[in-house]
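In what follows, a single structure is set out as structure tokens and then discussed.
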Amino acid sequence: MDIETAKEPVDPTDTPDIEVASGLCQPLRRRFRRFFTAKQLYECLRPVFHVTYIHGLTSFYISCDSKTGRRAIKKTIFGYINGTMHIAMFVFAYSLTIYNNCESVASYFFRSRITYFGDMMQIVSGFIGVTVIYLTAFVPNHRLERCLQKFHTMDVQLQTVGVKIMYSKVLRFSYMVLISMFLVNVLFTGGTFSVLYSSQVAPTLALHFTFLIQHTVIAIAIALFSCFTYLVEMRLVMVNKVLKNLAHQWDTRTLKAVAQKQRSLQCLDSFSMYTIVTKDPAEIIQESMEIHHLICEAAATANKYFTYQLLTIISIAFLIIVFDAYYVLETLLGKSKRESKFKTVEFVTFFSCQMILYLIAIISIVEGSNRAIKKSEKTGGIVHSLLNKTKSAEVKEKLQQFSMQLMHLKINFTAAGLFNIDRTLYFTISGALTTYLIILLQFTSNSPNNGYGNGSSCCETFSNMTNHTL
């Protein structure tokens, strides 16, 4: 039955449609694949730097030479003007929110003495924080360029040990981070203002701008930091794979073959592709040392560029999490006697979502840093494993030098040198959050008005005291 069906004549009128459709699909497929493929370092980072360039965080973008097709950094005067305009607009909008009685989204839900203080703290910290992020991202762009040059140099050296880097992985990762950050930001901002407008509350245009720009700038800074930690993690994985392959060859070959020239790894990895290269083990270890040194230098340069941005983001996130957790606990414990247009569900949902949003920000920073640190820690164990297996005096000397280098050069990310950015930060934040929540809850329970009242009473009391004094 199947053979007879296959031999049935085909209507010739259908054939041209199929050919036209296939002819149209081929260019679309090629463009789609080209959109997600990259063959150069700068090419795989082009979406991130285009976003930072548009938002004024960098004065350069990744350009493409029409003749050679090579990507390179291109600085423009518009980049400097754009960054300056963003900072000026941001300062002006924040000044308007402070002038409008410290207007904030949280103030529309309810007002109290503690919330007035919390809103003021969030406005001041947001103003200082976003300004610091802009200045520390815009002014020291040379550190970012130097870091990219180090990555390019180590990629050239990785090719000498048989490593062909798959830049498409980085490009897809950057797309994933940017899209996820954009969706979370849009959903949270749209949901927040839809709740306000549904209750017939009309925030000012300045509040719209400051609320959106604060979350957008923080999201872009986190996305850029995640991409750079991913680059560091990739190259550490490559170095570890090369050393593991060397150990595997020594396990599978005789002692006589160990003294002869070796072949590097031939497999397909999630980060890179290893091709066949004939090299002496001592040369492979020497080049691995040089690549590891460049990785550490690139990580240190990236840390200098991001250090104040990370401190600012984590500080803002911690402050918002403390007050949001306090507002939610006050409501759920039944201590709040607020008069608001919003229902309890809307109130709890908004502050819980905002708290989760900044928790995601902290987790993204910590996990990106922690993955790179953990990969760097594995290198020492592999080197000492090789040191125990080798019989060659030359190779043993190189491995000892590599071991000394690992002791003095370590991957580490800090927030302005105040604390390390790794998983120990979770415990530190949890302890500090618990302490401040207990203090705020006790302050509310000991307050004669239970902590609630007219939010402007603090300002009125201060003005009355001033008048009586005069």
request  = Classify segment 35-177 as rounded, prolate or oblate, taking a ≥ b ≥ c as the square roots of the eigenvalues of its Cα gyration tensor: rounded when a/c is under 1.5, otherwise prolate if a/b is larger than b/c and oblate if not.
outcome  = prolate
Residues GLU397 and ALA88, FRET efficiency given R0 of 56 Å [Cβ-Cβ distance, rounded to 0.05] = 0.40
request  = Highest first, please rank the peptides 302-310, 367-375, 380-388 by the mean number of other Cβ atoms sitting within 10 Å of their residues.
outcome  = 302-310, 367-375, 380-388
remark   = Using alpha carbon positions and the Kirkwood radius, the Rg to Rh ratio of segment 183-230 is 1.13
query = Could you give the nm distance between label points at HIS208 and ARG172, where each point is 7 Å from its Cα heading toward the beta carbon?
reply = 3.9
ask   = What are the ³J(HN,Hα) values, in whole Hz, obtained from phi via the Karplus relation 6.51 cos²θ - 1.76 cosθ + 1.60 with θ = phi - 60°, for each residue of segment 347-353 in sequence order, with x given for Gly and Pro?
value = 4, 5, 5, 4, 5, 5, 5
remark   = In whole angstrom, the spacing between the Cα centers of segment 349-394 and segment 123-195 equals 18
note = For segment 308-407, the per residue accessible area (1.4 Å probe, Å²) is 46
query = Using modelled backbone amide H atoms (1.01 Å from N, in-plane), which distant-in-sequence or interchain residues come within less than 5 Å of THR414's amide H?
reply = ILE421
task = Beta carbons within 10 angstrom, averaged per residue: use that to sort the peptides 391-397, 56-62, highest first.
result = 56-62, 391-397
ask   = Going highest first, how would you order 151-164, 38-51, 421-434 by mean Cβ packing within 10 Å?
value = 38-51, 151-164, 421-434
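The values are calculated or read from the model by the stated rules, or taken from the named source; none is laboratory data. Remember, it's a predicted structure, so these values are computed and weren't measured experimentally. Note: ideal-geometry Cβ built from the backbone for every residue, glycine included; neighbour counts use all protein chains shown. For accessibility, only protein heavy atoms count, side chains too; no ligands or nucleic acids. Shrake-Rupley method; radii C 1.70, N 1.55, O 1.52, S 1.80 Å.
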